[in-house]
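Working notes, beginning with the structure itself.
The values are calculated or read from the model by the stated rules, or taken from the named source; none is laboratory data. A quick note: this is a predicted structure, and the numbers were derived from the prediction, not measured. Cβ coordinates were reconstructed from backbone atoms using ideal geometry, including for glycine residues, and neighbour counts include every protein chain displayed. Surface areas here come from the heavy atoms of the whole protein model, side chains and all, with no ligands, DNA or RNA. Shrake-Rupley method; radii C 1.70, N 1.55, O 1.52, S 1.80 Å.
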Amino acid sequence: MKRLLWIDISKGLAILFVAYFHFFSTYFQHGVLLPPDWSNVAASALTLLRLGWFKISGLGFHAVGVFIILSGWTLMQSTVRRAEKGEIAWGAWYWARFLRLYPMYWVAHLVYLVSPFVARLEPVDDRIILSLLGLRFIDIEMNFMYLNAAWWYFSMLIQFYAIFPLLFWTARRVGPWWFLFIGCAAGFFARYVLLVLWPQNGLWVLGGFAICRLPEFALGMSLAMWYAQSPARLEWFFLRGAGFVAGLILYPAALQLYHGLYDYIFVDFATGACCMLEIVGIAGLISLFNSSAKLFGLVGLYSYGLYLTHQPYVIWLGLRIREVPIWAFLLICIPTLAVLSAWGMLLEKGTNALVNKLASLRKSAHV
């Protein structure tokens, strides 16, 4: 099963949307839009563009749900590929996941500590030990958003990896529909307990307790299974406009789920799924153009490096350009995201090359 370029493009769009959201939210944290002007056609068009930009920019955090879905998809797809070659050695699987995740995560810590032009909003203290271990959900109020708030996702991801053999076995045994039902039931029940029955800090629901985001992860795993059964049908739906239109229609209803406590149980799944339909639909359009497809696919291929490093930089810069007009912010944003993408890519490629070299030396020494 070959690597899907449109999945990489989707991941590239998602991480750029997340990075843009962090940049926008820092720049516009205390900003106020100009009063609407409907006096003439030009002024009305400008008002609509300004309102549309503000609303869409504020949805950038929904792309995190897209990443959870696509992570479930790609992890299921790659593990199925292993299973087709024979019985999975889960010890080796965990070791491969460790080498994929932790070295670059540690490099991101080092970069944060030594790099100029980063926002340092908290002191470096003994909490960094739990951060390096990825156990940021321990004493969650103090540690979950420590140093680089984006790193909360890492602590959720390693929980999913820890239970993935069980998820994989269940999905293969019961099939994609029943697995999605079980994953949603478990996730929604966990959210119900933590939001209603036994209210806890919202960080647990965000991802501190990974089961709360299992519906999105299970959706990705189920999509991978459906894709294996009928790739042409799913690609037609996702990439040829039908999914994009469905997402546009459903998105307003998903946003209404923010308005009630019980509704909030379902909001992350609904908004993540709708955002995925939009992003994958745009990826389908980009995939028609070879140069753009390669560019965004490359960003997606190395999205992990950009995710781990971008936030302190965009906060640092966003705090310094709050007085510039919106058009200037947008002009600054494009090269900033391009530079950060290249920086994250360089760090991830270098880290992976070093890890692969050390792993090969270790294997040769054992032989």
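Run A89 past the list (1) under 19 Å from the mean Cα position of the chain (by Cα); (2) among the aliphatic types (A, V, I, L, M); (3) open to solvent by 40 Å² or more (accessible area, probe 1.4 Å) and report the number of the one that doesn't hold.
(1)
Could you say which residue among F154, F179, F160 is hydrophobic (A, V, I, L, M, F, W, C), buried (at least 16 other Cβ atoms within 10 Å of the Cβ) and either over 23 Å from I265 (Cβ atoms) or in contact with a Lys or Arg (Cβ under 6 Å, 6 or more places away or on another chain) (or both)?
The conditions single out F154.
Pairs, please: C-beta under 8 Å, at least 6 apart or cross-chain, first residue touching a residue at least 12 places away in the same chain (Cβ under 8 Å) and in region 95-108, second assigned to a helix (DSSP H, G or I) and of a type in the set (D, E, K, R)?
M104/E348
For region 36-53, what are the residues that are within 30 Å of V299 (Cα to Cα), open to solvent by 40 Å² or more (accessible area, probe 1.4 Å) and free of Cβ contacts under 8 Å to residues at least 24 places away in the same chain?
Within region 36-53, L49, L51 qualify.
Collect the residues in region 280-296 that are farther than 21 Å from C184 by Cβ and open to solvent by less than 10 Å² (accessible area, probe 1.4 Å), keeping them in residue-number order.
Result: A283, G284, A293.
The rows are residues; the columns are (1) closer than 26 Å to G207 by Cβ; (2) in a helix (DSSP H, G or I); (3) open to solvent by less than 40 Å² (accessible area, probe 1.4 Å); (4) among the small types (G, A, S).
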position: Q29; (1), (2), (3), (4): yes, no, no, no
position: L34; (1), (2), (3), (4): no, no, no, no
position: I56; (1), (2), (3), (4): yes, yes, no, no
position: W73; (1), (2), (3), (4): yes, yes, yes, no
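Filter region 262-296 for residues that are over 22 Å from W73 (Cα atoms) and among the hydrophobic types (A, V, I, L, M, F, W, C); which is modelled with the highest pLDDT?
Among residues in region 262-296 that are over 22 Å from W73 (Cα atoms) and among the hydrophobic types (A, V, I, L, M, F, W, C), the one modelled with the highest pLDDT is I265.
Considering only residues that are in a loop (DSSP other than H, G, I, E, B) and either open to solvent by less than 20 Å² (accessible area, probe 1.4 Å) or modelled with pLDDT of 85 or more (or both), which ones fall in region 1-27?
L4
State all residues of region 28-68 that are more than 18 Å from L255 (Cβ to Cβ) and among the aliphatic types (A, V, I, L, M); if no residue qualifies, say none.
V32, L33, L34, V41, A42, A43, A45, L46, L48, L49, I68
Would you check which residues across region 205-235 are modelled with pLDDT of 95 or more, open to solvent by 10 Å² or more (accessible area, probe 1.4 Å) and hydroxyl-bearing (S, T, Y) and list them?
Within region 205-235, just Y227 meets the criteria.
Please determine whether any residue of region 267-276 is surrounded by fewer than 19 Cβ atoms within 10 Å (Cβ to Cβ), part of a helix (DSSP H, G or I), in contact with a helix residue (DSSP H, G or I) (Cβ under 8 Å, 6 or more places away or on another chain) and not basic (K, R).
Within region 267-276 (the criterion being surrounded by fewer than 19 Cβ atoms within 10 Å (Cβ to Cβ), part of a helix (DSSP H, G or I), in contact with a helix residue (DSSP H, G or I) (Cβ under 8 Å, 6 or more places away or on another chain) and not basic (K, R)), the answer is no, since none of the residues qualifies.
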